[in-house]
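Just so it is clear, none of the values below were taken in a lab; they were calculated from the coordinates. Here the structure is a predicted model, which is why all the values come from computation and not from measurement. Neighbour counts run over all protein chains shown; Cβ positions are idealised from the backbone, glycine included.
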Amino acid sequence: MDSELYPLMAQIEDSHWWFCSRRAIVASVISRLGLSPGARILEPGCGTGGNFAMLGRFGEVYAMDSDLEACKFSSARKTAIVRQGQLPEQVPFENVSFELVVMTDVLEHLDRDAETLTVLRQRLKPGGWLLATVPAFPFLWSAHAATHRHQRRYVAGELRTLFERAGFDVDYLSYYNFLLFPPIAAARLLGRLRKSSPQHEHDLRNHSGVVNSLLRTVFSSERYALGGHISVPFGVSLLLVARRRS
């Protein structure tokens, strides 16, 4: 992501409907994993640290990001141990084994996503978990993705294969952000039909209190359906939970 966007992200991600809803969904899924008390949790690609408080409910949080500006913002929260690093070749905390790795919209940024998963698998305890969210469906590509330096969007079968080849057993896989999928997909497709599109467009915008609350209520309600036995066949994003294969 462009470094100049980090101050804006730090300002809005604690209250913006999209970040809040994603955290609520991820927290609901983590609560089903049965982590041990004081579990060590790694968040690679932590950005400005918006997930730290949520992850801290489940264990001790370690975090890394490749961008120094992001590390400064996330370290200022003082709720995680933060180090600068680079996926896949420079993962800090060499002497720590983790019970859970959480990657929220990180894999799509990486040139070497497969190699990254292999490296992170080695940092997990036997039977440890990796939870990942990624953007779904290439046809939903937008100027926002380009601004955030995304490399790709995934489909479910491709994501499953990627994890299985890296030595994981996929426990749960579903699309999510499905309730808002029709209007978001329509907006993305209409945007692509425009003759010209801003080259540095992004979706990090504040909404009015009413709109933000409504979108948050709708999106976050998906946590009641996700993470169990229900797998949804469409959505703006994908959610995967995998376990390190013995």
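The figures follow:
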read-out: Conditions (1) assigned to a loop (DSSP other than H, G, I, E, B); (2) in contact with a Ser or Thr (Cβ under 8 Å, 6 or more places away or on another chain); (3) under 16 Å from L124 (Cβ atoms); number of the one not met by L35; value: (2)
read-out: Tabulated pairs, region 94-118, first of a type in the set (V, I, T), second part of a loop (DSSP other than H, G, I, E, B), C-beta under 6 angstrom, 6+ apart or interchain; value: V106/G45; T116/L87; T116/P88; T116/L110; T118/A166
read-out: Positions within region 210-227 being out of contact with any helix residue (DSSP H, G or I) (no Cβ under 9 Å at 6 or more places or on another chain) and either touching a residue at least 12 places away in the same chain (Cβ under 8 Å) or within 16 Å of A27 (Cα to Cα) (or both), in sequence order; value: A225
read-out: Strands (runs of 3 or more DSSP E) lying entirely in region 58-162 (those with 1 or more residues that are of a type in the set (K, R) and in contact with a strand residue (DSSP E or B) (Cβ under 7 Å, 6 or more places away or on another chain)); value: 81-84, 124-135
read-out: The listed residue being within 23 Å of T161 (Cβ to Cβ) and surrounded by fewer than 18 Cβ atoms within 10 Å (Cβ to Cβ), out of V102, V96, V119; value: V119
read-out: Residue that is closer than 18 Å to A242 by Cβ and either of a type in the set (D, E, K, R) or part of a loop (DSSP other than H, G, I, E, B) (or both), where the choices are E4, E43; value: E43
